[in-house]
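Taking it in order: structure first as structure tokens, then the write-up.
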Amino acid sequence: MAGSALSKKLQDGIAAGRINAKTAADNFGDIHPPLGDHEALVASDRCYFCHDAPCVTACPTSIDIPMFIREIATGNTMGAAETIMEQNILGGMCARVCPTETLCEQVCVRETAEGKPVKIGLLQRYATDQAMQTGKQFFERGAESSKHVAIVGAGPAGLACAHRLSMHGHKVTIYEARKKPGGLNEFGIAAYKTVDDFAQHEVDYVTAIGGIDIQYGKKLGKQISLAKLRASHDAVFLGMGLTGVNALGLKGNEPEGVVDAVDFIASLRQARNKTRIPVGRRIVVIGGGMTAIDAAVQAKLLGAEEVTICYRRGQENMNASDYEQELATSKGVTIRHWLQPKKLKAKAGKLSGIELEYTELKGGKLLGTGAKTTLVADQIFRAIGQSYEDASDGALELNWGRIKTSEDGATSLNDVWAGGDCSDSGDDLTVTAVAQGRDSAEAINAALSAQSA
Amino acid sequence: MADISNNFAGIKSPNPFWLASAPPTDKAYNVERAFEAGWGGVVWKTLGEEGPPIVNVNGPRYGAIWGADRRLLGLNNIELITDRDLYINLREIKEVKKRWPDRAVIVSIMVPCEEAAWKAILPLVDETEADGIELNFGCPHGMSERGMGAAVGQVPEYIEMVTRWCKANTRMPVIVKLTPNITDVRYPARAAKAGGADAVSLINTISSIVSVDLDSFSPQPSIDGKGSHGGYCGPAVKPIALNMVADIARDAETAGLPISGIGGITTWRDAAEFLALGAGNVQVCTAAMTYGFKIVEEMISGLENWMDEKGHKTLDDVIGRATPNVTDWQYLNLNYVTKAKIDQESCIKCGRCHIVCEDTSHQAITSMLDGERHFEVIDEECVGCNLCVNVCPVENCITMEQLSPGTIDKRTGEKVRDKYGNWTEHPNNPSVVAAE
């Protein structure tokens, strides 16, 4: 390594340029390269075409997985893509970001038999990529209904809802707070999981059905209000996700160097030149979910020398899947358990480390033990979850701090539905948000049809 | 260690694995490589009469069907007999036999159905000191249109006549190769025997169209947009070949006639099955054309190990052992009652047994128990058909268990009878009633 490159790498504090452009390209390339034709055939041959297949049951969107795999195996890739998108119009993104190892692939009978599931996620990507690359559309906008539905948030839930509403002929306006659509697909997922601006291509593909208008810079509670949306539309679907970030809850002012993991992830996704994103030399990530992993891995890939995830409970309690944890450790991230943040340390106003307290479970309660340790850190990522910020002026009934919904997404207001992370039935998965958006659209359609009948 | 040396109609070879008359045995180069790899013998690719060499197509000669993982299951060809000069072949046969005296070298022959043609070629083959000849009465494409190959093999009278000519004009054992493209293989086999054949070999390839190109609508292999039926072989034809071998082995009229078994033999296990049904040895082609000659190592070692394990000392301990167990349907024991049993430990819960039984058979397998996926045989409905065993992806997960005599068959409510009873004596058989 040339002297200057080494000194860049070892520079204390938060700095850009720890890696060069080539390393950035290598590190942030597609983590799971797509299957080639031959690989897809071989992989599809392993599917047993189970009856009442466990993988379908495990899929939040209930994609007929054995059928689409059989369609791939018989050379009917477009049929496969249609089978997927009938249930999940964002099947392309879900193929990339679904934790398949805890969903369809976990229950695959070949996982049971041999510990090697059929590569369902990669096969789904194979089929959906081909359909999207050729621009093949499987669904048409329904006959105009003269109904107008407002959707808040152009993320997975909102897009799925909009597409299904358009299939039923309703006019849809999506109000999006940011300047770009996609929601967490665009801003919240590690860059190596969805390369080549895929999220934007997918939005274009989904909205190509027509009848969907997206207005940007419209944040609920700021530029728009729920009351006005209700007054000017026949129905409202809320899919704005979680806009608040949980704080570490430590006393005193935070020194420079403490950042939200979601912001770091978003800035990396938006950066054309990843080497320009500043990152610390020694990083501590507080949290145990996918956000913690995505931030930690990407910090390491950006050239951070030491990255340590500290989680306050045990390995078995981590929300990140085993696969994600292994991915992190394989990239050189250290994962430590039973540690909670206690005090931030600073030198001259800049973060210098963090004091952590060992924890334990006593009578089912997580308690600090009093024993402490200190990690040197020039950057700390908060990844202890996001929170729902009410923007309805208290009009919506909440449950566990999120919008209370019934199974089909109905809220306490009879013309408002909700889905995805902002609803109480969300589980922070893209695929669940898609299912809820889709199902809410069906419920909205049923309600609107009943009105006009 | 078991002795797998082979004596087939007086022709000796160190093992029962011969390469069939086909592309792998067309010239000395291939045959030498085969012997180096360990093959016990070869049947040299079919020689035709003296004259201008045979002309093959210059486009593709083979077509195939595959499993989805591209495992070759069946191969089809439109190649003709050797297209090399007769005398080059004869010279090479002689040289190879001289260099490999312990291996069997058989020469396949196909000439027009005239005695003079056979009389002309047989002395030339005699002179090579080959161990025997095989009469190609089986080739279903190209040559049959010229009155040879299967055109002879489909007419028992011709088989007998040509076999007789050959026996009268050569010192060598005569093996008659039979075509499966007939209705009852016993008739051509009997004809061969009547003509004095020392042995028969079967099956030759099955007339086939292997696939159609759905862009050009041409059968494949496609020659400039057209296709012609070819000869089908490989693992897919094995069951047909086994049946025909057994038909001849258990036919009283051909009893004792040596049979060289051919048809989809890919592993030692396939070979052992042919031997058990009455073949004296086996011939292999497609497996070699799929994987190369080295597979014979697995065949030799697998056969030896199996024989050792079972205490079979020589091939004679194996040959024909299954033949007496092949019978006609009417003699099968109707008092033999089985039920499928699913081993819950090895079940991976794919549900295929349930759905095929539910949709296409007897509704005899559950799919749920207390809201959980659970697959279990319903004895009241199970007829013991074996379909679930056949579709289960896990070996030995589903087994057919015999109900012991005296127990109640829950499907019929009747006690399983202790004695053998077949259709010929069953009360529902009208001919039994008629006989009374």
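So for the range B:297-308 (the condition being out of contact with any strand residue (DSSP E or B) (no Cβ under 8 Å at 6 or more places or on another chain), surrounded by fewer than 18 Cβ atoms within 10 Å (Cβ to Cβ) and outside any helix (DSSP H, G or I)), does at least one residue qualify? The answer is no, given that none of the residues of the range B:297-308 is out of contact with any strand residue (DSSP E or B) (no Cβ under 8 Å at 6 or more places or on another chain), surrounded by fewer than 18 Cβ atoms within 10 Å (Cβ to Cβ) and outside any helix (DSSP H, G or I).
Where in the range A:344-424 are the strands (runs of 3 or more DSSP E), entirely inside, with at least 1 residues that are within 18 Å of A:Asp260 (Cα to Cα) and out of contact with any Ser or Thr (no Cβ under 6 Å at 6 or more places or on another chain)?
Output list reads A:350-362, A:379-382.
Every condition in (1) away from chain A (no Cβ under 14 Å); (2) surrounded by 16 or more Cβ atoms within 10 Å (Cβ to Cβ) is met by B:Cys350 except one, and the failing one is (1). If you filter the range B:335-347 down to residues that are away from chain A (no Cβ under 14 Å) and not β-branched (Val, Ile, Thr), you find that the one that is farthest from B:Ile398 (Cα to Cα) is B:Asn335. Annotation: of all residues in the range A:82-123 being part of a loop (DSSP other than H, G, I, E, B) and more than 19 Å from the chain's Cα centre (by Cα), the one that is nearest to A:Asp52 (Cα to Cα) is A:Cys108.
Scanning the range B:316-339 for residues that are under 16 Å from B:Gly256 (Cβ atoms), surrounded by 14 or more Cβ atoms within 10 Å (Cβ to Cβ) and in contact (Cβ under 8 Å) with a residue 60 or more places away in the chain yields B:Gly320, B:Thr323. Within the range A:83-114, track down each residue that is hydroxyl-bearing (Ser, Thr, Tyr) and either surrounded by 23 or more Cβ atoms within 10 Å (Cβ to Cβ) or within 14 Å of chain B (Cβ to nearest Cβ) (or both). Within the range A:83-114, A:Thr83, A:Thr100, A:Thr112 meet the criteria.
Residues checked against (1) part of a helix (DSSP H, G or I); (2) touching a residue at least 60 places away in the same chain (Cβ under 8 Å); (3) among the polar types (S, T, N, Q); (4) over 16 Å from B:Arg171 (Cβ atoms):
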| position | (1), (2), (3), (4) |
| --- | --- |
| B:Arg84 | no, no, no, yes |
| B:Arg91 | yes, no, no, yes |
| B:Lys98 | yes, no, no, yes |
| B:Ile106 | no, yes, no, no |
| B:Val111 | no, yes, no, yes |
| B:Ile121 | yes, yes, no, no |
| B:Pro140 | no, yes, no, yes |
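Tell me, which residue of the range B:362-376 that is touching a helix residue (DSSP H, G or I) at 6+ places or on another chain (Cβ under 8 Å) and part of a strand (DSSP E or B) is nearest to B:Gln344 (Cα to Cα)?
Restricting to residues being touching a helix residue (DSSP H, G or I) at 6+ places or on another chain (Cβ under 8 Å) and part of a strand (DSSP E or B), the top hit is B:Arg373.
Going by the conditions given, is A:Pro60 buried (at least 20 other Cβ atoms within 10 Å of the Cβ) and assigned to a loop (DSSP other than H, G, I, E, B)? Considered against the rule, which asks whether it is buried (at least 20 other Cβ atoms within 10 Å of the Cβ) and assigned to a loop (DSSP other than H, G, I, E, B), A:Pro60 comes out as yes. For A:Cys59, indicate whether it is facing chain B (nearest Cβ under 10 Å), in contact (Cβ under 8 Å) with a residue 60 or more places away in the chain and not basic (Lys, Arg). Considered against the rule, which asks whether it is facing chain B (nearest Cβ under 10 Å), in contact (Cβ under 8 Å) with a residue 60 or more places away in the chain and not basic (Lys, Arg), A:Cys59 comes out as no. Residues in the range B:42-63 that are in contact with a helix residue (DSSP H, G or I) (Cβ under 9 Å, 6 or more places away or on another chain) and either surrounded by 15 or more Cβ atoms within 10 Å (Cβ to Cβ) or within 14 Å of another protein chain (Cβ to nearest Cβ) (or both): 11 in all. When you scan the range A:168-183, do you find a residue that is in contact with a helix residue (DSSP H, G or I) (Cβ under 7 Å, 6 or more places away or on another chain), hydrophobic (A, V, I, L, M, F, W, C) and over 20 Å from A:Met85 (Cβ atoms), even just one? So far as the range A:168-183 goes, no, none of its residues is in contact with a helix residue (DSSP H, G or I) (Cβ under 7 Å, 6 or more places away or on another chain), hydrophobic (A, V, I, L, M, F, W, C) and over 20 Å from A:Met85 (Cβ atoms).
When A:Ala15, A:Ala80, A:Ala25 are checked against the criterion of being more than 11 Å from every other protein chain (Cβ to nearest Cβ), under 30 Å from A:Gly420 (Cα atoms) and not aromatic (Phe, Trp, Tyr), a single residue qualifies: A:Ala80.
Per the conditions (1) part of a loop (DSSP other than H, G, I, E, B); (2) at pLDDT 95 or above; (3) closer than 30 Å to B:Glu127 by Cβ, the sole criterion not satisfied by B:Met148 is (2). Residue count for the range A:220-246 satisfying the condition of being outside any loop (DSSP other than H, G, I, E, B) and either among the aliphatic types (A, V, I, L, M) or modelled with pLDDT under 95 (or both): 11.
The values are calculated or read from the model by the stated rules, or taken from the named source; none is laboratory data. Not measured: the values here are computed from a predicted model. For neighbour counting, all protein chains shown are included, and Cβ atoms are generated from backbone atoms with ideal geometry for every residue, glycine included.
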